[in-house]
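Worksheet for the structure shown next.
The numbers here are math on the coordinates, done by the rules we state, and not lab data. These figures come from a predicted structure and were not determined experimentally. Counting neighbours? That spans all protein chains shown, and the Cβs are built from the backbone with ideal geometry, glycine included.
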Ligand SMILES: C[S@@+](CC[C@H](N)C(=O)[O-])C[C@H]1O[C@@H](n2cnc3c(N)ncnc32)[C@H](O)[C@@H]1O
């Protein structure tokens, strides 16, 4: 399958880089992924505890699909290792060796992750967490990535809502890059069918790679309302389209966000567009301009490479300055949240 129009994150460490934007704890930090990971953590911890309630493997092979780069990349892996360490300690069992595979598209900046590994290994050694071997696994998760029955646990956060390709038959959606209120039903159907094809392929590929009894834990963008053109999905992209009629790009390959089904394996959470504005759970935005800027920076970190390759670098600064204003105007009227869906699965 061909992966097109999937934005890879800005590499390096500049103000608008993905690494900088993901670090929401220190400054006015702009991307919600870290908050999403932390909100999903209690469910993930439960999954790990459940896995280790019956068996303690000698080597634990874990993969993170769509790992990207920056401080989030090793965050989940560190927390998983910490938890397993505690469980082994409580059960008086030997800590397993860890083999960690970081998977993303080949153009992801793997080098910047590898440069952070010495620090990571130092900590592992200091805490006496046993040998841990980290490797990059460049490739699309819509293809086979690992040998058959070789992986104990696969984690993926905010990645599998990226489709393998832009859906076909979107001719009627010319003035949009995604589903909007004005999109005909055939457009929603095209996104839905592409998502169903991709997600089925993803599940079936991973089921070949995960050992029997192994687990997979996925967090991705969803929606709380049945209508796929509701604000849960489309609002931010609609604001971006207002700036330039992005007809050049035809469409972005973002999945039609699924809704949560009632099942013990599904859970969900909400994170503000600007996660640094999550304090006290208040229902209004205290500083709309600052939030507008934060949201614009986080969207810029995700979309800049794609936009710059179509428009050139010169348009990027003015485009996102204007986008920040539009987002601020929107947030003044309505504080808006991303909806996340969390799924924990066991391979039979
Ligand atoms: C929004 S980032 C999420 C990063 C990280 N998991 C986090 O939570 O901070 C989505 C990542 O998925 C990757 N991605 C998208 N489609 C992919 C595919 N088909 N195969 C592998 N990675 C993919 C992108 O390159 C990007 O790095």
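Among the numbered criteria (1) in a strand (DSSP E or B); (2) within 14 Å of the ligand (Cβ to nearest atom), which one does residue 98 miss?
Just one mismatch for residue 98, condition (2).
When you scan the stretch 124-236 for strands (runs of 3 or more DSSP E) that lie fully inside it, which ones turn up with 1 or more residues that are in contact (Cβ under 8 Å) with a residue 24 or more places away in the chain and out of contact with any strand residue (DSSP E or B) (no Cβ under 8 Å at 6 or more places or on another chain)?
210-222
Identify, please: which residue in the stretch 59-78 is part of a loop (DSSP other than H, G, I, E, B) and touching a strand residue (DSSP E or B) at 6+ places or on another chain (Cβ under 7 Å) and is, among those, surrounded by the fewest Cβ atoms within 10 Å (Cβ to Cβ)?
By that ranking, first place goes to 66.
Tally time: how many residues in the stretch 79-94 are more than 16 Å from the ligand (Cβ to nearest atom) and crowded, with 20+ Cβ neighbours inside 10 Å?
2
Restricted to the stretch 30-58, and to residues that are touching a residue at least 40 places away in the same chain (Cβ under 8 Å) and in a loop (DSSP other than H, G, I, E, B), which residue is nearest to the ligand (Cβ to nearest atom)?
Only one residue tops the list, namely 31.
Please go through the stretch 95-116 and give me each residue that is surrounded by 14 or more Cβ atoms within 10 Å (Cβ to Cβ) and more than 21 Å from the chain's Cα centre (by Cα), ordered by number.
Residues satisfying the conditions are 95, 96, 97, 98, 99.
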